[in-house]
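What follows is calculated from the coordinates using simple rules that are stated; it is not laboratory data. Computed from a predicted model, the values in this text were never measured in an experiment. Using ideal geometry, Cβ is built from the backbone for each residue, glycine included, and neighbour counts are taken over all protein chains shown.
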Amino acid sequence: MRRKLRKIRKIRKIRKIRKIRKIRKIRKIRKIRKIRKPGKRLKRTNIVLSGKRGSRISDKWAKTKVLRANPMLRRHIPLTKRMTKVSLRTMLLKFGMVYIKPNRGSQGHGVMKVERIIAGKTGRKKSFVYQLDEKRSDFSNYESAYRSILRDTKGKPYLVQKGIHLIKHSGRPFDTRLVVQRAPHGGWEATGTISRVAHPRKIVTNGSQGGTIYPTAFLLGSHANTAKRIALMKKMDSIGVKTAKRLRQAYPGIMEIGVDFALDSKLKPWILEVNTHPDHCPFALLSDQSMLRKIIRYGKAYGRTYRMNCLKAKQGLLPERSTGRLPAPPHMRTGKR
Ligand SMILES: Nc1ncnc2c1ncn2[C@@H]1O[C@H](COP(=O)(O)OP(=O)(O)O)[C@@H](O)[C@H]1O
Ligand SMILES: [Mg+2]
């Protein structure tokens, strides 16, 4: 009888232990699932996992550091620092003109152009000028300029970046947006390029800030002959693909990027920033829709969805009729990269 009782107790104990182990296992699985929940921010990497759409990284500083670790890409990134009173001053003394931008900004909001202007015969008269939106402010000394800038940053962390003197179209600066995507058959491919001419009174080119969208080939046409233009566009494609590969090493969820390129007077491409959730709408404003179609086809293959009411949106302006129809350059049409 005693023996039987002991046996029963033993069985009950084993069952209890198994039950506890099972509960612990379930809890562990739940915890992992919770971490992977779409939209949850992972603190260490600054990644926002947004379900099927892949990762969105808004931290410009983190992305810049990742890209600058690659020696080839480093040559195409303007010197960038976290903005402090000292770093802004140092960069202004070094470059004369810098851009400052919110670390987690978008659509050109809060971006400012800051200049140190030296005037007078002796070069003694110095002033500091900065522009935010359409407002220009002028100061005779750095202290007061910085105080005002700081008010305009509204307490947000900012970056300071060497200013690039963009090439112009009809007297207005423009830059280039290149979209690079994961191809359905594997690898990365540059799938679209547009250029954005700044609003006449603004220092940013973003479509949402009154920038005008043009085919890149059209705008480069007045700065380079055909051979040079094609070579330059290929160069931007190759930098774009390298950028995507490098970013994916640090952020494995990335499926697409939008690189903002500035071109200086020597037509050197500079990476101003990399977007990890690029907007397709500027491509909808071109008369040639082949790049838009490709971008959407590739995006849908990795689960991105697109709203198609681009023309109704306030952002962006239709390209001027004078731009005419320009097919995508041959290297953009096909090919796996
Ligand atoms: N270093 C720079 N030199 C010249 N222009 C710049 C520079 N940085 C930004 N800009 C201008 O400001 C715009 C917005 O800056 P960007 O870094 O792309 O931030 P956002 O995320 O707000 O688009 C760019 O498209 C470009 O026109
Ligand atoms: Mg941008």
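Distance from the Cα centre of the stretch 281-301 to that of the stretch 166-226, in angstrom?
15 Å
Taking 0.36 nm per residue of separation and subtracting the Cα-Cα distance, what length does fully extending Lys234 through Arg24 add?
Numbers: separation 210, 0.36 × 210 = 75.60 nm, distance 5.49 nm.
Difference between extended and current length: 70.1 nm.
Return the long-range amide H neighbours of Ile167 (sequence gap of 5 or more, or a different chain), with a cut-off of under 5 Å between placed amide H atoms.
The list, which skips near neighbours in sequence, is Phe174, Leu263.
Give me a comma-separated list of calculated 3J(HN,Hα) values for the stretch 138-151, in order, Karplus coefficients 6.51, -1.76, 1.60 applied at θ = phi - 60°, integers in Hz, x for any Gly or Pro.
Running phi through 6.51 cos²θ - 1.76 cosθ + 1.60 with θ = phi - 60° gives 10, 9, 8, 9, 5, 3, 6, 4, 5, 4, 5, 4, 4, 4 Hz.
Please label the shape of the stretch 79-162 as rounded, prolate or oblate, based on the square roots a ≥ b ≥ c of the eigenvalues of the alpha-carbon gyration tensor (a/c under 1.5 means rounded; beyond that, a/b larger than b/c means prolate, else oblate).
Prolate shape, in that a/c is at least 1.5 and a/b is the bigger ratio.
What is the gain in length, in nm to one decimal, between Ile17 and Leu93 on full extension, counting 0.36 nm per residue of separation less the C-alpha to C-alpha distance?
20.4 nm
Report the FRET efficiency, 1/(1 + (r/R0)^6), for Lys300 and Ala69, where r is their Cβ-Cβ distance and R0 is 35 Å, rounded to 0.05.
Rounded to the nearest 0.05, the efficiency is 0.60.
With a 10 Å Cβ neighbour count serving as the proxy for reagent exposure, in which order, fewest first, do Thr90, Thr212, Thr305 appear?
Thr305, Thr90, Thr212
Under the rule a/c < 1.5 gives rounded, and otherwise a/b versus b/c splits prolate from oblate, where does the stretch 186-265 land using the Cα gyration tensor? List each step's numbers first, then the result.
Details: a/c = 2.51, a/b = 1.37, b/c = 1.83.
The shape class here is oblate.
What nm value, rounded to one decimal, do you get for the distance between Lys156 and Thr84 when each label is placed 7 Å out toward the C-beta?
Rounded to a tenth, the inter-label distance reads 2.2 nm.
By how many nm would the segment from Glu143 to Asp288 grow when fully extended, if each residue of separation counts as 0.36 nm and the alpha-carbon distance is taken off?
The Glu143-Asp288 span can extend by a further 47.2 nm.
Taking amide H atoms as placed 1.01 Å from N in the peptide plane, list the residues 5 or more away in sequence, or in a different chain, whose amide H sits under 5 Å from that of Gly96.
The list, which skips near neighbours in sequence, is empty: none.
Calculate the spin-label point distance for Lys135 paired with Arg2, positioning each point 7 Å from the Cα along the beta-carbon direction, and give it in nanometres.
9.2 nm
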